[in-house]
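S.K.: My structure is below; once you've seen it, I'll send some questions.
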Amino acid sequence: MLVFIHCIKISKMKEIKVLSWNIRHGLKEDGEINIYEFVEKTIELQPDIILIQEMDRWCARSNKVDQFYSFKNALGADWDGVWGTRLYMGGTGLYGIATFSRLPIYESANHILADEHKERTIAQESILKIDKDLVSVVNIHMPFDRYHGTYHTEISWSNLFEMSFQDNLILGGDFNATPKSSEIEMIMNECTDLGELPTSTAGRIDYIVSRGNYQPIKHEVVDFWLSDHYPIFTTFAKTI
């Protein structure tokens, strides 16, 4: 079922399992909108933290379903959830990103990286307390030049690099950039990454990386093709 697994050894373990998935507003490859299949698969994978990109709330194109509520309701009352709007879709419709956590979210913020072409790019930060550590878990969906233009993309990345997150950082999402891009190379200068294989029809553009006390010990690209992205799944452990 898993197309890629990469493991390393560490001395002291406190595992945190993080899932990132661009769900394309619940649009399946056969053209059907069915958010519940995405929810079921997510729960089956048993993550502790979930980073979702391209989620709809009350949009006509996705049958006016509140997809954020669909996830949160299925996960249960013990889970915290944070929403971030990227685009207003007309009427009450919203399009954006969401973070869900089995661990309590101590604090959260949607940091605006760019607000051009009617669509915001945000870094959604959720601060968790894990084993007495404060950890910034940041969910991003970076712009794609073809839709947003070079300026929107460049300013988004520039502002991301200027953000002050916690020393312990888990950063994940749809970066819309390949491993050899200058932006990804800059991130990898600070963060640890175990991924290698393609995550979408555009190649490898989805990542979950970290810096600080929590390092990746296993990375999986899940062979489950519902949207135009595979879900990716990384296990982190405390190393000191």
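Only the coordinates and a few stated rules stand behind these numbers; no lab work does. Not measured: the values here are computed from a predicted model. No Cβ is skipped: glycine too gets one built from the backbone with ideal geometry, and neighbour counts run over all protein chains shown.
S.K.: Let me know the charge dipole size of the chain about its Cα centre in debye, to the nearest 20, where only the beta-carbon of Lys, Arg (+1) and Asp, Glu (-1) is charged.
M.R.: Its charge dipole is roughly 400 debye.
S.K.: Taking other Cβ within 10 Å of each residue's Cβ, how do Met55, Met89 sort, fewest first?
M.R.: Final ranking by Cβ density, sparse to dense: Met89, Met55.
S.K.: Return the sequence-ordered ³J(HN,Hα) values of region 73-83 in whole Hz as given by the Karplus equation 6.51 cos²θ - 1.76 cosθ + 1.60 applied to θ = phi - 60°, using x for Gly and Pro.
M.R.: Along region 73-83, the couplings run 5, 5, 5, x, 5, 6, 9, 8, x, 10, 10 Hz.
S.K.: How large is the translational diffusion coefficient of the chain in µm² per second when you combine the Kirkwood radius over alpha carbon pairs with Stokes-Einstein at 20 °C and 1.002 mPa s?
M.R.: 120
S.K.: Which pairs break 23 Å Cα to Cα here: Lys28/Lys180; Lys41/Lys64; Lys17/Lys180; Lys41/Lys132; Lys41/Lys129; Lys72/Lys129?
M.R.: Listed pairs above 23 Å: Lys28/Lys180; Lys17/Lys180; Lys41/Lys132; Lys41/Lys129.
S.K.: Using the Karplus curve 6.51 cos²θ - 1.76 cosθ + 1.60 with θ = phi - 60°, work out ³J(HN,Hα) for each residue of region 53-60 in order, rounded to whole Hz, and write x for Gly and Pro.
M.R.: Going residue by residue, I get 10, 6, 10, 9, 9, 6, 8, 4 Hz, with x marking Gly and Pro.
S.K.: Taking N as the number of residues in region 104-240, what value does Rg over Cα atoms divided by 2.2 N^0.38 Å take?
M.R.: 1.04
S.K.: Which listed residue (Asn139, His152, Ile112) has the Cα farthest towards the positive end of the charge dipole for region 2-238, taking +1 on Lys and Arg C-beta and -1 on Asp and Glu C-beta about the Cα centre?
M.R.: Among Asn139, His152, Ile112, the one farthest towards the positive end of the dipole of region 2-238 is Asn139.
S.K.: May I pose another question? Please turn the phi angles of region 178-188 into ³J(HN,Hα) values with the Karplus equation 6.51 cos²θ - 1.76 cosθ + 1.60 (θ = phi - 60°), one per residue in order, whole Hz, x for glycine and proline.
M.R.: 8, x, 8, 6, 5, 5, 5, 4, 5, 4, 5
S.K.: To continue, here is another question. How large is the translational diffusion coefficient of region 80-150 in µm² per second when you combine the Kirkwood radius over alpha carbon pairs with Stokes-Einstein at 20 °C and 1.002 mPa s?
M.R.: Rounded to a whole number, D works out at 161 µm²/s.
S.K.: May I pose another question? Would you calculate the separation in nanometres between label points at Gln46 and Lys64, each defined as 7 Å from the Cα along the Cα-to-beta-carbon direction?
M.R.: Placing both labels 7 Å beyond Cα along the Cβ direction yields 3.9 nm.
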